[in-house]
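A short write-up of the structure that comes next.
The values are calculated or read from the model by the stated rules, or taken from the named source; none is laboratory data. Note that this is a predicted model, so its numbers are computed, not measured. Every residue, glycine among them, receives a Cβ derived from its backbone with ideal geometry; neighbour counts consider all protein chains shown. In case anyone asks, the SASA skips ligands and DNA or RNA and just uses the protein heavy atoms, side chains included. Shrake-Rupley method; radii C 1.70, N 1.55, O 1.52, S 1.80 Å.
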Amino acid sequence: MGASARLLRAVIMGAPGSGKGTVSSRITTHFELKHLSSGDLLRDNMLRGTGFPRTLPQAEALDRAYQIDTVINLNVPFEVIKQRLTARWIHPASGRVYNIEFNPPKTVGIDDLTGEPLIQREDDKPETVIKRLKAYEDQTKPVLEYYQKKGVLETFSGTETNKIWPYVYAFLQTKVPQTSQKASVTP
């Protein structure tokens, strides 16, 4: 079977909005990985943003079930995530979605077509986002310390997924075979 049969058990950690979903989909595109964290169930959970392991007991339970090879921690400043997550505004009647960064309305707070006011979903309001980020931080601090002590934690810091990705990619290249021989680092 050779090297391609090698299994890497990786956990990706990062706050809501830190780019876990983007990074995990790029990993499966670029590398011959069957599992991310411990199987498709967990990958689905991760992409839905539920995340695992979230708490120390979960991390310990995961360790008893599987040998975790590496933990990739996406460290993005809360201020950046807050901006990212609060950038979404909705026109409730039509369901049109605007993003302040990527596709802003022509006039701030106003729907392009109807001239009606835009609203923010409860989830996207700054105070909700801050609460979620604080909860994440409090819950995962012991988990990160646990993996740090085990020597499997790799932290990647930055403000943009596209800037963090080449480092994650280079790190994983030392661990697993690639799918395609065109070793592209571009997203």
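How much length is gained if the chain between Phe171 and Ile90 is pulled fully straight, taking 0.36 nm per residue apart and subtracting their Cα-Cα distance, in nm to one decimal?
Values: separation 81, 0.36 × 81 = 29.16 nm, distance 3.86 nm.
In short, 25.3 nm is gained.
Under 1.5 on a/c is rounded, so check that first for region 97-177, then, if it is not, pick prolate when a/b is larger than b/c and oblate when it is not; a ≥ b ≥ c are the square roots of the alpha carbon gyration tensor eigenvalues.
Values: a/c = 4.90, a/b = 1.87, b/c = 2.62.
It comes out oblate by the Cα gyration axes.
Taking only protein heavy atoms and a 1.4 Å probe, what accessible area per residue, in Å², does region 10-174 have with all protein chains in place? Don't jump to the answer; show the numbers that get you there.
Numbers: 8860 Å² over 165 residues.
Value for region 10-174: 54 Å² per residue.
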Rounded to the nearest 10 Å², the accessible area of Glu60 using a 1.4 Å probe with every protein chain kept is 70
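Strictly over 27 Å apart at the Cα level, which of Lys125/Lys149; Lys134/Lys163; Lys20/Lys131 would you flag in this model? Mind dumping the intermediate values first?
Values: Lys125/Lys149 36 Å; Lys134/Lys163 24 Å; Lys20/Lys131 19 Å.
As for pairs spanning more than 27 Å Cα to Cα, those are Lys125/Lys149.
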Note: region 10-174, point scatterers on Cα, Debye, no solvent; log10 I/I(0) at q = 0.08, 0.13, 0.14, 0.15 Å⁻¹ equals -0.29, -0.69, -0.78, -0.86
Counted charge near Val168, where neighbours are those whose Cβ lies closer than 14 Å (Asp, Glu -1; Lys, Arg +1): +2
Within region 42-137, what whole-number % of the accessible surface is contributed by carbon and sulfur, with the 1.4 Å probe and all protein chains included in the calculation? 55
